[in-house]
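Report on the structure given below.
What follows is calculated from the coordinates using simple rules that are stated; it is not laboratory data. Keep in mind it's a predicted model, so treat the numbers as computed, not measured. Cβ sites come from the backbone with ideal geometry, for glycine too, and all protein chains shown count toward neighbours.
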């Protein structure tokens, strides 16, 4: 690393670990400075945790490869509180940019993680690739991810975050699935813009979790994913979770599990003022889905987490099976203010789609063909 005035320039060392040079750059130029990570191959063998950035522009044009010392990362990745998750790379502070110019590549050696996990659990210590933590006024642009260890990005306790032109792909080449390689998750954050993303991830593409508000997601294409999701929320069940004011628009979901959906535990809090607009789907298992009792599919009618004022507009394309919509709301706290307009979802193998609805307002504009059974599953394995 070399420093000229307020500019720190990092070049590849050819060693087994370039993280000390990067951390040195963050230390010397992370406040009122610039950091240039030049083209070339960098190895990251240690956690990078930088929470005091201020008025800093970070430019990355190289390939950053996190090494495959799984035991190191399991022991040392930085905890981020939510659901015992942790991260390999955390940035915080205010007024900073992280720009990849379409050249930056974050490579997580994910296949090693997928294989050792053997399709099992989230595995505590398995690190999120990039976390924004207590960050304010941030722009991230032009970065490509391949084979992340776990989630690609996590935004927590942050506000006024813009993330544009990102390309993400987690795909296993063996018998073992990637397991929970979300594209994006928010938590306790507000005022977020996500625009122009391409994501292949095998789990939630964009997931809005508890205490998130004022989020605009536009022009995102998701493959092999859960696409646009509110949740999960309401766990622990005694702590309120809130999500307000989210707009998903101009979204494409291809060969995915879900498209435009809301999943909560039987907890407390609310989901309010959500819009899914201009959603095109191709071969999606359960395109529109709402559940108050995700994963356990029990105690569904006890949920007091109110879901209201949700619109689905111009949702078109093909479902994998014969269910286009499966909505089950808690009997104790029925869904209100649901609105559906221009829904045209057709089973890919022909026939008429079923629209199953329970405990929601009758003036939604949706022509329900039957009731949705309690504990309706997130995934179907065939026609209903």
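Tell me the relative contact order for the chain as a rounded percent, counting alpha carbon contacts under 8 Å between residues six or more apart. Computed value for the chain: 8 percent relative contact order.
Can you compute the FRET efficiency between residue 82 and residue 344 using 1/(1 + (r/R0)^6), with r the Cβ-Cβ distance and R0 = 30 Å? Round to the nearest 0.05. Working from the Cβ atoms, E equals 0.25.
Across the range 219-333, the relative contact order, built from alpha-carbon pairs under 8 Å that are at least six residues apart, equals 27 percent. Sorting the segments 349-360, 202-213 by their mean number of nearby beta carbons within 10 angstrom, highest to lowest, gives 202-213, 349-360. Within the chain, DSSP assigns beta bridges of which about 5% are antiparallel (rounded to the nearest 5). Taking the centroid of alpha carbons for each part, the range 74-88 and the range 124-153 are 12 Å apart.
With the cut-off at 1.5 for a/c, could you classify the range 244-293 from its C-alpha gyration tensor as rounded, prolate or oblate? Oblate shape, in that a/c is at least 1.5 and b/c is the bigger or equal ratio. Dividing the summed helix terms, -39500 (n - 2.57) for each DSSP H run of n ≥ 4, by the number of residues in the chain produces a 222 nm estimate of -2000 deg cm²/dmol to the nearest 500. Taking semi-axes √(5λ) of the Cα gyration tensor in Å as calculated from this structure, the corresponding entry among (1) 38, 20, 19; (2) 45, 24, 17; (3) 33, 22, 21 is (1).
Taking the centroid of alpha carbons for each part, the range 226-299 and the range 318-384 are 13 Å apart. The length gained on full extension between residue 118 and residue 250, counted as 0.36 nm times the residue separation minus their Cα-Cα distance, comes to 44.0 nm. When 345, 239 are sorted by how many other C-beta atoms sit within 10 angstrom of their C-beta, beginning with the fewest, the order is 239, 345. Taking the longest Cα principal axis of the chain as reference, the axis of helix 19-29 is set at about 80 degrees. Each of 271, 217, 193 was scored by other Cβ atoms within 10 Å of its Cβ. Listed from fewest to most, they are 193, 217, 271.
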